[in-house]
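Heads up, the thing below is written out as structure tokens.
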Amino acid sequence: MPAPRIVLLTGAAGGLGTLMRGLLPAYGYELRLLDITPIEGAPDAIIADLADKKALREAVRGVDAIIHLAGISLEASFEKILRANIEGTYNLYEAAREEGVERIVFASSNHAVGFTPRPAGEPPFGPDQLIPINTPHRPDTFYGLSKCFGEDLAQLYWDLHGLETVSVRIGSCFAEPRSVRMLSVWMSPGDGARLLHAALTAEDVGHTVVYGSSANTRLWWDLSTARSLGYEPEDDSEPYAAKLIAEQGELDPDNPEHTHLGGHFTINPPQWPY
Ligand code: NAI
Ligand code: 15L
């Protein structure tokens, strides 16, 4: 596949979309933006719902690749998740197939495997303690379940139609880690852009699933499939550790919110506000 130039960024109005709108053009991409919400300062953005198949078909026409971030990013009723994340992702893949788009980078989530126990004991964790990429799906929410669906849909579209995907099980991509748990799964915005660029440009990815984080000292998972794409993380959450631990305390092995990869999503997931 030739290196992509024109890239459709869905979910461009969101937190991650806003960060990537700022960082990805430096890699040479011309971004076409899509969201259900208008984007300040981007009058050319396509304002469309993932339910609108005609709009999606027009949005993907002529792009070299898609970064699919749009959807509900927290827990919600099954009906809402079904429409935005499950049917919406299907609609986007169908539009991409119909228009001959060759590659999608799919924003999966750690919550597809959120009920996986985190490594026990003191960090740093050795290679045999890290959560492998082929760990079984263990969604912690309907939200996580929709990410399992997205990963399986991506596999189907590769096997059946030859449409390539990199599914990125993102940890927590914010300017700074906000909790002690995030020290283990944080992806700095700079590393997020590096990983998306690797996912867009690596050769012959078929359907590859990777974890998305920085090279954190307290890492819980195996970054080797991400590195196999050419991703070289440059950041580590450790400089934030002392302050966060002083404020929040160490992770407690007797607290069920602290024992699984998905953290508080496994007990009391934050709800989508709309
Ligand atoms: P966000 O909630 O800030 O952004 C999602 C965007 O999708 C919003 O701008 C929203 O308007 C748009 N959207 C929602 N439903 C839509 C629909 N039916 N049609 C079109 N657009 C729609 O979420 P954030 O944090 O930017 O995350 C982006 C993606 O990455 C999401 O898919 C999320 O599940 C995934 N992710 C993000 C993580 C993070 O740390 N930020 C961690 C793991 C996964
Ligand atoms: C996610 O999947 C959410 O979209 C994001 O808002 C964060 O909460 C992140 O996971 C996390 O696990 O920290």
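Per-residue extension of 0.36 nm, minus the Cα-Cα distance of Y90 and D128, leaves a gain of 10.1 nm for this segment.
Evaluate the relative contact order of the chain (contact order divided by residue number), counting alpha-carbon pairs under 8 angstrom at least 6 apart; express in whole percent. Numbers along the way, then the final one.
Values: 571 pairs, mean separation 52.7, N = 274.
It rounds to 19 percent for the chain.
Going 7 Å from the Cα of K243 toward and past its Cβ, which residues in the range 142-177 have a backbone nitrogen under 14 Å from where you end up? Those under the cut-off are 175-177.
Size of the chain: Rg and Dmax of its alpha carbons, in Å, are 17.8, 53. The lysines whose alpha-carbon is closer than 29 Å to the alpha-carbon of K147, local same-chain residues fewer than 8 away aside, are K53, K54, K80. The stretch between K80 and A26 holds 15.9 nm of extra length on full extension. This uses 0.36 nm per residue minus the Cα-Cα distance.
Placing +1 on each Lys and Arg Cβ and -1 on each Asp and Glu Cβ, with no other charges, gives the chain a dipole about its Cα centre of roughly 380 debye. Each peptide in 20-33, 180-193, 55-68 gets a packing score, the mean of other Cβ atoms within 10 Å over its residues, and the list from highest to lowest is 180-193, 55-68, 20-33.
For the range 6-266, with all protein chains in place and a probe radius of 1.4 Å, 52% of the accessible heavy-atom surface sits on carbon or sulfur.
Provide the gained length on full extension for the span E250 to Q155, in nm with one decimal, where the gain is 0.36 nm per separating residue minus the Cα-Cα distance. Mind dumping the intermediate values first?
Details: separation 95, 0.36 × 95 = 34.20 nm, distance 3.81 nm.
Difference between extended and current length: 30.4 nm.
Over the range 1-117, what relative contact order in percent results from Cα pairs under 8 Å that are six or more residues apart? Each step should come with its number before you reach the end.
Working: 174 pairs, mean separation 32.9, N = 117.
Worked out over the range 1-117, it gives 28 percent.
At an R0 of 35 angstrom, the distance between the Cβ atoms of R97 and E234 translates into a FRET efficiency of 0.50. Per-residue ellipticity at 222 nm, computed for the chain from helices alone with -39500 (n - 2.57) per DSSP H run of at least four residues, works out to -8500 deg cm²/dmol. Here each label is just a point 7 Å from Cα along the line to Cβ, and for N268 and T217 those points are 3.0 nm apart. Most simply put, the range 6-266 has about 5% antiparallel DSSP beta bridges, counting only bridges with both residues inside it.
Using a 1.4 angstrom probe, figure out how much accessible area the range 1-124 has per residue, in square angstrom, rounded to the nearest whole.
Value for the range 1-124: 44 Å² per residue.
The values are calculated or read from the model by the stated rules, or taken from the named source; none is laboratory data. Keep in mind the model is a prediction, meaning the values are calculated, not measured. With ideal geometry, Cβ positions are generated from the backbone for all residues, glycine too; neighbour counts draw on all protein chains shown. Areas reflect the complete protein model, heavy atoms only, side chains present, ligands, DNA and RNA absent. Shrake-Rupley method; radii C 1.70, N 1.55, O 1.52, S 1.80 Å.
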